[in-house]
1. Rank Ile135, Ile18 by accessible area, highest first, at a 1.4 Å probe radius?
2. Put a dot 7 Å past each Cα toward the Cβ at Leu51 and Leu36; how far apart are the dots in nm?
Amino acid sequence: MDKKLQNTDGNYLFNVDILINARTNPLALQFLLEVLNNSDKVTDFNINSGLELGRTIDTLLRSAKMALKQESAQPIPIKLPVKPANEQTEKHNASKSAPIPADAFAKIRQYIKNNQLVRLRTNSPGKQMSMPCRILNFDDSAYTISVYHVDEKQVYTFNLNEIDEFV
């Protein structure tokens, strides 16, 4: 046997498992710590297992990180339908036009509800823009949308036919 391990100056190390009867893990831990700390013979200790403290916090942090990863995933651009010039044209072209994506307007409303920052790509006559903005108002009957440009700190109103996509 190694002589260095034999010379411990009266200190001896034990590796034990202790079963404590208590209502909860924190109460059992509290009792164990009181026993160990109140003894003048125990000079130091290390608890290697059995701690359940902080598991709720860890679970919540993992859930929050997963949610952030899902939000930061590459956004899918939303293509908007174009409003017909008049009601007669709408009735005439109803069978020929592509169906309006049912979730496009719902997605816009979700952006408003969450106060989410989006990038808007517009194509006004003679002027193309890409702006970081928050959507303030959306009128699906008038096909208009009001946005707050976060860099310029200005409010813009667009017809939906001027908007190429939301990213």
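1. Working: Ile135 5, Ile18 110 Å².
Correct descending sequence by accessible area is Ile18, Ile135.
2. Reported label-point gap for Leu36 and Leu51 is 0.9 nm.
The values are calculated or read from the model by the stated rules, or taken from the named source; none is laboratory data. Quantities reported herein were computed from a predicted structural model and do not represent experimental measurements. Cβ: placed from backbone, ideal geometry, glycine included. Neighbour counts: every protein chain shown. What goes into the accessible areas is simple: the full protein's heavy atoms, side chains included, and nothing from ligands, DNA or RNA. Shrake-Rupley method; radii C 1.70, N 1.55, O 1.52, S 1.80 Å.
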